[in-house]
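Read the structure below first, then the notes.
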Amino acid sequence: MARWETARLLAIALAAGTAMPLAAEEEITATHRALSGELAGTLLGELTGDGPSVLIIPGSGPTDRDGNNALGVKAASYRLLAEAFDQHGIATVRIDKRGMFGSSEATANANDVTVDAYVDDVEAWTEVMLDRSGGGCIWLLGHSEGGLIAMAAAARDASRYCGLLLVAAPGRNLSDVVRAQIAANPLATPLLAQVDEISERLKAGETVPAEEIHPGLLPLFGPQVQGFVASLFRQEPAELLAAHDLPVLILNGGKDIQTPASDAELLATARADAKLIVLEDVNHVLKLVEGDDRADNLATYGNPDLPLAPGVAEAIAEFIGSAR
């Protein structure tokens, strides 16, 4: 079993001192032969062979490089992480997914992707970062669904990575995660049997016609996204994590209502040497939540003025430092 560490949210010494000015941000790009245009990202800090560097892989849906999307998420979690890491001397590249935002020219159809395609993009970014730094390795930080992409990238070829930083990453097959999220809404109970049927058909390589899908499930399982969803459902997080011996940090919030801390504990069982940290009052977008009111939790998703919860960036930076 991986070590279980319950971390109370404590302000660190950095908070008591004077933070250093942020390094200048730089727009950078990557590409590879499968793309029709460039992938876009933001570099904060200096990529060198001596200092650590982190590629931040975004979570599900139309989530941009800062951690925001048009579905009401304005928490800017990835930008805040990058700024906090800069204070620790850690360079970051945060990215827009192919077909979206600054990477919109990379492909004509942002839905025409698979896990393997996103891993190709991670490898392209890795090459750019290693070229800029002159060698070494980079850390992969995957948030939520991005954690699954990070795991898949390391399972394909671990040689260029320093380790994995899995933040609110799924520990179960994503079909189980999706089902649990749907089941959390009592009004959706009649749809669960169809959710199970669609999931099994997609895992088996079938397609499901739109007319056979309840309208309420079309955003999740519509024909336009079935290829990607099927590729997600064929990934087993424990198997991916067990495919290499890179250092692994598994960090989750105790108030995460999308990827609960039980997922982190389950994921940690795949690697006896993984470090598991659960921050009790932190939610999915890495903000501090007091109490158990769901509305209060969700309100943090739309508030870009809230800082990261104390302890999040510090725990990751400490792990990077200890593993070097």
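The values are calculated or read from the model by the stated rules, or taken from the named source; none is laboratory data. Computed from a prediction, not measured in an experiment: that's the story for all the values here. Note: ideal-geometry Cβ built from the backbone for every residue, glycine included; neighbour counts use all protein chains shown. Only protein heavy atoms, including side chains, enter the accessible area calculation; ligands, DNA and RNA are left aside. Shrake-Rupley method; radii C 1.70, N 1.55, O 1.52, S 1.80 Å.
Considering only residues that are part of a loop (DSSP other than H, G, I, E, B) and open to solvent by 20 Å² or more (accessible area, probe 1.4 Å), which ones fall in the stretch 68-96?
Once the filter is applied, which keeps residues that are part of a loop (DSSP other than H, G, I, E, B) and open to solvent by 20 Å² or more (accessible area, probe 1.4 Å), the stretch 68-96 yields Asn68, Asn69, Ala70, Leu71, Gly72, Val73, Lys74, His88, Gly89.
Residue by residue through the stretch 9-33, note down the ones that are in a loop (DSSP other than H, G, I, E, B), at pLDDT below 95 and surrounded by 11 or more Cβ atoms within 10 Å (Cβ to Cβ).
Passing the criteria: Leu9, Ile12, Ala19, Met20, Leu22, Ala23.
Could you list, in sequence order, all residues of the stretch 281-295 that are more than 18 Å from the chain's Cα centre (by Cα), open to solvent by less than 60 Å² (accessible area, probe 1.4 Å) and on the phi < 0 side of the Ramachandran plot?
Answer for the stretch 281-295, where residues must be more than 18 Å from the chain's Cα centre (by Cα), open to solvent by less than 60 Å² (accessible area, probe 1.4 Å) and on the phi < 0 side of the Ramachandran plot: Asp281, Val289.
Mind telling me which of the residues Ser36, Ser60, Ser103 ends up being touching a residue at least 60 places away in the same chain (Cβ under 8 Å) and surrounded by 23 or more Cβ atoms within 10 Å (Cβ to Cβ)?
Being touching a residue at least 60 places away in the same chain (Cβ under 8 Å) and surrounded by 23 or more Cβ atoms within 10 Å (Cβ to Cβ) holds for just one of Ser36, Ser60, Ser103, which is Ser103.
What's the number of the only condition in (1) closer than 15 Å to Gly147 by Cα; (2) more than 18 Å from the chain's Cα centre (by Cα) that Leu298 fails to meet?
Going through (1) closer than 15 Å to Gly147 by Cα; (2) more than 18 Å from the chain's Cα centre (by Cα) one by one, Leu298 breaks only (1).
Name the residues in the stretch 191-216 that are assigned to a helix (DSSP H, G or I), touching a Pro at 6+ places or on another chain (Cβ under 9 Å) and open to solvent by 70 Å² or more (accessible area, probe 1.4 Å), would you?
Passing the criteria: none in range.
Looking at the stretch 123-149, I want the residues that are open to solvent by 20 Å² or more (accessible area, probe 1.4 Å) and have a partner that is assigned to a helix (DSSP H, G or I) with Cβ atoms under 7 Å, at least 6 apart or on another chain. Which pairs are those?
Between residues of the stretch 123-149 that are open to solvent by 20 Å² or more (accessible area, probe 1.4 Å) and residues that are assigned to a helix (DSSP H, G or I), the close pairs are Glu123/Ala153; Gly136/Leu130.
Within the stretch 219-240, which residues are closer than 20 Å to Thr114 by Cβ, of a type outside the set (Phe, Trp, Tyr) and part of a helix (DSSP H, G or I)?
Pro219, Leu220, Gln226, Gly227, Val229, Ala230, Ser231, Leu232, Pro237, Glu239, Leu240
Residues Val115, Val54: which one is farther than 24 Å from Phe221 by Cα, touching a residue at least 40 places away in the same chain (Cβ under 8 Å) and of a type in the set (A, V, I, L, M)?
Val54
Considering only the stretch 19-64, state which residues are of a type in the set (A, V, I, L, M) and under 21 Å from the mean Cα position of the chain (by Cα).
Once the filter is applied, which keeps residues that are of a type in the set (A, V, I, L, M) and under 21 Å from the mean Cα position of the chain (by Cα), the stretch 19-64 yields Ile28, Ala30, Leu39, Ala40, Leu43, Leu44, Val54, Leu55, Ile56, Ile57.
What do you reckon, is Ala124 in contact with a Ser or Thr (Cβ under 7 Å, 6 or more places away or on another chain) and under 18 Å from Ile316 (Cβ atoms)?
no
Residue under question is Ala183, and the condition is that it be over 14 Å from the mean Cα position of the chain (by Cα), modelled with pLDDT under 95 and open to solvent by less than 50 Å² (accessible area, probe 1.4 Å); does it hold?
Answer is yes for this residue.
Tell me, please, whether a residue that is small (Gly, Ala, Ser), modelled with pLDDT under 95 and on the phi > 0 side of the Ramachandran plot can be found in the stretch 59-67.
yes
Could you please tell me which pairs satisfy a Cβ distance under 6 Å, a separation of 6+ or placement on different chains, a first residue in the stretch 265-276 that is over 12 Å from Leu164 (Cα atoms), and a second residue that is assigned to a loop (DSSP other than H, G, I, E, B) and open to solvent by 50 Å² or more (accessible area, probe 1.4 Å)?
Ala270/Ala242
Which one of these is over 27 Å from Leu192 (Cα atoms), open to solvent by less than 60 Å² (accessible area, probe 1.4 Å) and under 16 Å from the mean Cα position of the chain (by Cα): Ile320, Ile316?
Ile316
So which residues in the stretch 122-161 are out of contact with any strand residue (DSSP E or B) (no Cβ under 9 Å at 6 or more places or on another chain) and at positive phi?
The answer is Gly134, Gly135.
Given the criteria of a type outside the set (Asp, Glu), at pLDDT 95 or above and either assigned to a helix (DSSP H, G or I) or surrounded by fewer than 22 Cβ atoms within 10 Å (Cβ to Cβ) (or both), does Ala272 qualify?
Against the criterion (of a type outside the set (Asp, Glu), at pLDDT 95 or above and either assigned to a helix (DSSP H, G or I) or surrounded by fewer than 22 Cβ atoms within 10 Å (Cβ to Cβ) (or both)), Ala272 does not qualify.
Please specify each residue of the stretch 218-250 satisfying the condition of being surrounded by fewer than 22 Cβ atoms within 10 Å (Cβ to Cβ) and small (Gly, Ala, Ser).
Passing the criteria: Gly222, Gly227, Ser231, Ala238, Ala242, Ala243.
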